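In what follows, a structure is listed as structure tokens, so that the remarks can point back to it.
The values are calculated or read from the model by the stated rules, or taken from the named source; none is laboratory data. Bear in mind that the values here come from a model prediction, so they are computed numbers and not experimental data. Reconstructed Cβ throughout: ideal geometry from the backbone, glycine too, with neighbour counts over all protein chains shown.
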Ligand SMILES: Cc1cc2nc3c(=O)[nH]c(=O)nc-3n(C[C@H](O)[C@H](O)[C@H](O)COP(=O)(O)OP(=O)(O)OC[C@H]3O[C@@H](n4cnc5c(N)ncnc54)[C@H](O)[C@@H]3O)c2cc1C
């Protein structure tokens, strides 16, 4: 993934990463993997069993046994800062490397990983839009992980529609603001793992225009800072309760009350008033990519469990096995199908997400502005795919793992139900997958007059000659890819024509289109990976078994998953008429 599909070597050639080389980076990844496996992974189950607990007398949250110590070790090792610029005491590594590390921590313990993840989003926003003074006071401690960050968007009436935010921010005489209001579902809004929490809060200043144009963004620290930067007085930013959830139980999902005890929590405006939504968009691509990655990470964890179980559980007789012998279920065709489906899903989503991450690095750091701009377009196109498809597939793969286990998969002690329960939120937060689909159809397909998606599809066409040259082993990939491409091409044309005529057509078909487009994107990258593997095999290099598996996975995906695009096409182009043909009362009948 890092050498062939993405090109870590080429990234290290960029001036921003000139001090790095792939071997050093892989050494860091190995060390990170060891730390995560030894320190973070063992806390996954205890986190699920104990959950985080809220103490209403102190409005504070206690994380599960072992979380504080593990987090302190994480900070001491400096893992959180690896992909951030050295200017802010980060490691200066590519985002792609940060994503690879994030996959490990999310696989190991998704609930734990959310503290660094939310902090990362807050760092991203402050780095781009905070004043020099704000960066000096808050950013460095967040990059090291000594302080964590939160993102406070959601309110009871403002979910997908962030423009409905009502939290108020009133200017105070000293240039700061007083924040009053309630935020819900705030991940790690309070906890006991770090000395301070830097809340980034969306609120409205007096006379702000309605909707998204009137939203401003504020820093509201849990503890105010003294002039010398040391921790001072407690701010009036309280976690008044936490939610009881289906999964990620160790990640406290907080109801936050600002200004509960007086005239408001002290907040500091980031950038200009009424520009908060614009600032949020800066970090949104990265945050959405990270949530897509959570889907992948849990799929990988569930797959590893399922594969091991299938090799240990004996039941039934596989075709061809001697009479009277009981087989391991891994030998049964339907179990094989489930395992290969999971593996294909994982390889495809990892390929999409890592390619997306590499595109972020190129967009941010390539010295040629034209190359950087094209890469940014790819980031925009792939982000809803990474988020929407990555999380939908995470849910599907974790569900398949339960199926591989049979009855034991439904039993909590097996550990597998937790992966499914944890995965379920990923298609909801950071923009529901319905919103991702609308983003793809409504904002991304029309980019550069349709030129961006056309360029991407041209990339699929360009693979044809290489696949033809690869011979029989990839013939079915070539055939299925060409057939799927033709359908996607037609569907894009239909959406463009009928979506312009009546936007409800595009909105009604958006979700099936997201799936069909994602299936094609996954197929493209798996084909590229298979071609690279074949080239390595021909050159006699590398781990033969691993390389051959890449070719088989590409074929399996092309034959078993990709053909779904044909069934999805009529659903995309059905239009909206029937959706509204009967009212809710008739639907109840
Ligand atoms: C565990 C957890 C952690 C969270 N962490 C955070 C956090 O740290 N910070 C934070 O600010 N928020 C957080 N959230 C909130 C999360 O981002 C919202 O729940 C999410 O954005 C959806 O909003 P909603 O729940 O109000 O659903 P709604 O917006 O009410 O959506 C309900 C349904 O309607 C659909 N829908 C809504 N609007 C549209 C539209 N325009 N077009 C088509 N369909 C639409 C949705 O897709 C969905 O299916 C968290 C939530 C949970 C459960």
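Here are the numbers for the structure shown:
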{"read-out": "Some residue of the stretch 402-413 being within 16 Å of the ligand (Cβ to nearest atom), in contact (Cβ under 8 Å) with a residue 12 or more places away in the chain and surrounded by 22 or more Cβ atoms within 10 Å (Cβ to Cβ)", "value": "no"}
{"read-out": "Conditions (1) without any contact (Cβ under 8 Å) to a residue 40 or more places away in the chain; (2) under 19 Å from residue 58 (Cα atoms); (3) within 16 Å of the ligand (Cβ to nearest atom); number of the one not met by residue 236", "value": "(3)"}
{"read-out": "Unmet criterion (only one of (1) closer than 25 Å to residue 187 by Cβ; (2) within 16 Å of the ligand (Cβ to nearest atom)) for residue 399", "value": "(2)"}
{"read-out": "Enumerated helices (runs of 4 or more DSSP H) restricted to the stretch 453-570, each holding at least 1 residues that are closer than 20 Å to residue 352 by Cβ and within 16 Å of the ligand (Cβ to nearest atom)", "value": "503-538"}
{"read-out": "Count of residues meeting criterion [in contact (Cβ under 8 Å) with a residue 60 or more places away in the chain and within 28 Å of residue 70 (Cβ to Cβ)] in the stretch 166-200", "value": "14"}
{"read-out": "Condition met for residue 377 (in contact with a helix residue (DSSP H, G or I) (Cβ under 6 Å, 6 or more places away or on another chain), within 30 Å of residue 493 (Cβ to Cβ) and surrounded by fewer than 21 Cβ atoms within 10 Å (Cβ to Cβ))", "value": "yes"}
{"read-out": "Any chance residue 247 is surrounded by fewer than 23 Cβ atoms within 10 Å (Cβ to Cβ) and modelled with pLDDT under 95", "value": "no"}
{"read-out": "The stretch 137-173 - residue that is away from the ligand (no atom under 16 Å from the Cβ) and part of a loop (DSSP other than H, G, I, E, B) and, of those, farthest from residue 77 (Cα to Cα)", "value": "173"}
{"read-out": "Residue within the stretch 251-268 that is at pLDDT 95 or above, in contact with a helix residue (DSSP H, G or I) (Cβ under 6 Å, 6 or more places away or on another chain), farther than 30 Å from residue 378 by Cβ and within 15 Å of the ligand (Cβ to nearest atom) present", "value": "yes"}
{"read-out": "Boolean, residue 271 is touching a strand residue (DSSP E or B) at 6+ places or on another chain (Cβ under 9 Å), closer than 19 Å to residue 131 by Cα and in a loop (DSSP other than H, G, I, E, B)", "value": "yes"}
{"read-out": "Those residues of the stretch 183-207 which are more than 10 Å from the ligand (Cβ to nearest atom), in a loop (DSSP other than H, G, I, E, B) and farther than 10 Å from residue 168 by Cα, in sequence order", "value": "190, 191, 192, 193, 194, 195, 207"}
{"read-out": "Boolean, residue 47 is buried (at least 16 other Cβ atoms within 10 Å of the Cβ) and on the phi > 0 side of the Ramachandran plot", "value": "no"}
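Conditions tested, residue by residue: (1) within 24 Å of residue 413 (Cβ to Cβ); (2) in contact (Cβ under 8 Å) with a residue 12 or more places away in the chain; (3) touching a helix residue (DSSP H, G or I) at 6+ places or on another chain (Cβ under 6 Å).
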site: 41; (1), (2), (3): yes, yes, yes
site: 74; (1), (2), (3): no, yes, no
site: 87; (1), (2), (3): no, no, no
site: 93; (1), (2), (3): no, yes, no
